[in-house]
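Here the structure comes first, spelled out in structure tokens, and everything after it is commentary.
The values are calculated or read from the model by the stated rules, or taken from the named source; none is laboratory data. Everything numeric in this text was worked out from a predicted model, so none of it was measured. In this analysis, Cβ positions are derived from the backbone assuming ideal geometry, glycine residues included, and neighbour counts consider all displayed protein chains.
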Amino acid sequence: MKDRLVVDPIKCTAHGMCAELFPEWIELDDWGYPVIRSEPVPAHLRGHAMQAVRVCPAMALRLSS
Amino acid sequence: MSSRRVLAGLVPGRPMPLSHHLTVHGELPDLGLLGPGRLLADIEDSGLRGRGGAAFPTAIKAAAVAGRRRPLIVVNGSEGEPMSAKDRVLLSRAPHLVIDGAIAAAAATGAREATIVAPAPALMHVAAAVEERRAAGRLSVKLRLEESAHGYITGEESALIAHLEGRPALPRVKPPLPVERGLRGRPTLVQNVETMAQLALIARHGPAWFREEGTSDHPGTTLVTISGAVQRPGVYEVALGTPLRALASMAGGSVEPIRALLVGGYFGAWVDGDGGRLTLDDGALRRIGAGIGAGVVVALGESACPVAETARLAAWMSDESAGQCGPCIFGLEALAGLLGRFAAGRTEPGDVDRLGRWTSLVRGRSACHHPDGVARMISSAARVFGRELADHARRGPCRGCRVAPTLRTPERLVRAA
């Protein structure tokens, strides 16, 4: 099941929208890049995760198994 | 303590000729006759681990490639580690052993083609050895020779493959791993030059012989490049599991009391004093947060300043970032700046906490392990040089800060991108 939120570090350019949309799971480091929890996103937060994936301007986020 | 296997029979000042190579090591057995399965099993039983830095079991990578269509072999002699010389020593002095390794790796995996990648001066010797073999009718695989790219990270597997494909030598995000999708999209086994030389000996003498040296978890011998405050810096072959303390004596003894050893390479770790009873094998070193890396051991003398050395190293490693991933670009730059403040005695409130926080923050968040290695090196410096760091923060530069650097930080010839 694709339930882990991962970032492509090469694509990511620190827009930071993911952390704004999904603060339960993503925080930004001192330089504005996302630090993402590595465990599976629980079912009740999947909607937030998918939204974070959709809005990333760099298309750097995805859900992965 | 010194046991010569891959360095056996070297001729002073020139490559070992084919005839001499055969006298010293004997013929490579007919691997076609042996069958790929048998050689793969031998590699697994030997417990051979990669000698390029990660000490990853060679059998796992080889088996991953052997199960796939039209695999390729890449012999990695990039050796971007400034304090390492073992790969170019092997390539320029025992090129036939490395070629044998490539042939063995091809036989074990069903590959028909191998590429040897190295800096031009070493590659020249390999080219001469290949010609010698062609003339003698002793070349069973298609061998390509390619010049490596300049830069610390260009030997990372995916960067190396990008370079071979004519693109900038930059790491990419994994998966897919090169064993799945490597050079020209084909499954590719990338192994370090020394790993190949060891493989050439396993193909000849078998796994039981290989395990006569080393530890059960990390068998065999390994090449170490010993430098710094020792009488005779150079490349030595030692059994894995050799006490670190014995290495300086092997290199003629130390020229002054040793403050610390940098073990592994620039992505490695500082170890206190002469290493004491700690042994040179990946398991033992990992238990203290270090690793065998590329077999680099630099002895830092008491007259040097470990804070200045670490700060210069961090700055250089930050510069050597491929510049692709934010945590690496900005994290390493920030860490280098922070260590520079320690070295200059210009720390700001909170800098001690920042050191700990940033080294954990940059780990595991980039396409390759470059920042992880730098973080490891810096964490080890914080552990081993706590006293010196505090002294610098309080009093500024010390006498050792003016001593010529022990760690070489070569100027970057060509930017990776």
Discussion item. Can you go through B:122, B:149 and tell me which one is buried (at least 17 other Cβ atoms within 10 Å of the Cβ) and in a loop (DSSP other than H, G, I, E, B)?
Written reply: B:149
Worksheet item: Can you name every residue in the stretch B:252-267 that is under 19 Å from the mean Cα position of the chain (by Cα) and either free of Cβ contacts under 8 Å to residues at least 12 places away in the same chain or part of a loop (DSSP other than H, G, I, E, B) (or both)?
Response: B:265, B:266, B:267
Worksheet item: Has the stretch A:22-29 got any residue that is within 13 Å of chain B (Cβ to nearest Cβ), in contact with a Lys or Arg (Cβ under 9 Å, 6 or more places away or on another chain), crowded, with 16+ Cβ neighbours inside 10 Å and at pLDDT 95 or above?
Response: yes
Fill in: Lone qualifier among A:53, A:35 - being hydrophobic (A, V, I, L, M, F, W, C), closer than 28 Å to residue B:158 by Cβ and within 13 Å of chain B (Cβ to nearest Cβ)
A:35
Worksheet item: If residue B:371 satisfies every condition in (1) within 13 Å of residue B:267 (Cα to Cα); (2) crowded, with 22+ Cβ neighbours inside 10 Å; (3) more than 12 Å from chain A (Cβ to nearest Cβ) but one, which is the exception?
Response: (3)
Worksheet item: For the stretch B:184-209, what are the residues that are in contact with a Leu (Cβ under 7 Å, 6 or more places away or on another chain) and surrounded by fewer than 21 Cβ atoms within 10 Å (Cβ to Cβ)?
Response: B:186, B:204
Fill in: Residue tally, condition within 12 Å of residue B:335 (Cβ to Cβ) and buried (at least 23 other Cβ atoms within 10 Å of the Cβ), over the stretch B:359-368
2
Response to the item:
All-but-one check, residue B:158 against (1) away from every other protein chain (no Cβ under 14 Å); (2) assigned to a helix (DSSP H, G or I), failing number (1)
Worksheet item: Out of curiosity, is residue B:219 within 20 Å of the chain's Cα centre (by Cα) and over 22 Å from residue B:373 (Cβ atoms)?
Response: yes
Response to the item:
Counted residues in the stretch A:1-21 being more than 14 Å from chain B (Cβ to nearest Cβ), exposed (fewer than 15 other Cβ atoms within 10 Å of the Cβ) and modelled with pLDDT of 95 or more come to 1
Practice prompt. Considering (1) touching a strand residue (DSSP E or B) at 6+ places or on another chain (Cβ under 6 Å); (2) free of Cβ contacts under 8 Å to residues at least 24 places away in the same chain, say which one residue B:8 fails and leave the rest.
Written response: (1)
Fill in: Flag for residue A:46 being without any contact (Cβ under 8 Å) to a residue 12 or more places away in the chain and surrounded by fewer than 17 Cβ atoms within 10 Å (Cβ to Cβ)
no
Worksheet item: Does the stretch B:268-280 contain at least one residue that is in contact (Cβ under 8 Å) with a residue 40 or more places away in the chain, more than 19 Å from the chain's Cα centre (by Cα) and more than 25 Å from residue B:89 (Cβ to Cβ)?
Response: yes
Worksheet item: So, of the residues in the stretch B:108-119 that are touching an Asp or Glu at 6+ places or on another chain (Cβ under 9 Å) and not in a loop (DSSP other than H, G, I, E, B), which turns out to be farthest from residue B:14 (Cα to Cα)?
Response: B:108
Practice prompt. Sort through B:312, B:354, B:346 and tell me the only one that's within 14 Å of chain A (Cβ to nearest Cβ), of a type in the set (Lys, Arg) and over 30 Å from residue B:217 (Cα atoms).
Written response: B:354
Worksheet entry | Members of the stretch B:134-146 that are at pLDDT 95 or above and surrounded by fewer than 21 Cβ atoms within 10 Å (Cβ to Cβ) | B:142, B:144, B:145, B:146
Response to the item:
All-but-one check, residue B:21 against (1) at pLDDT below 95; (2) within 25 Å of residue B:295 (Cα to Cα); (3) crowded, with 21+ Cβ neighbours inside 10 Å, failing number (1)
Fill in: Exclusive hit being farther than 22 Å from residue A:29 by Cα, surrounded by 21 or more Cβ atoms within 10 Å (Cβ to Cβ) and touching an Asp or Glu at 6+ places or on another chain (Cβ under 8 Å), set B:304, B:308, B:299
B:299
Discussion item. Cβ contacts < 9 Å: first residue over 16 Å from residue B:25 (Cα atoms), restricted to the stretch B:88-114; second residue assigned to a helix (DSSP H, G or I) and hydroxyl-bearing (Ser, Thr, Tyr), any location; separation 6+ or different chain. Result?
Written reply: B:105/B:58; B:105/B:195
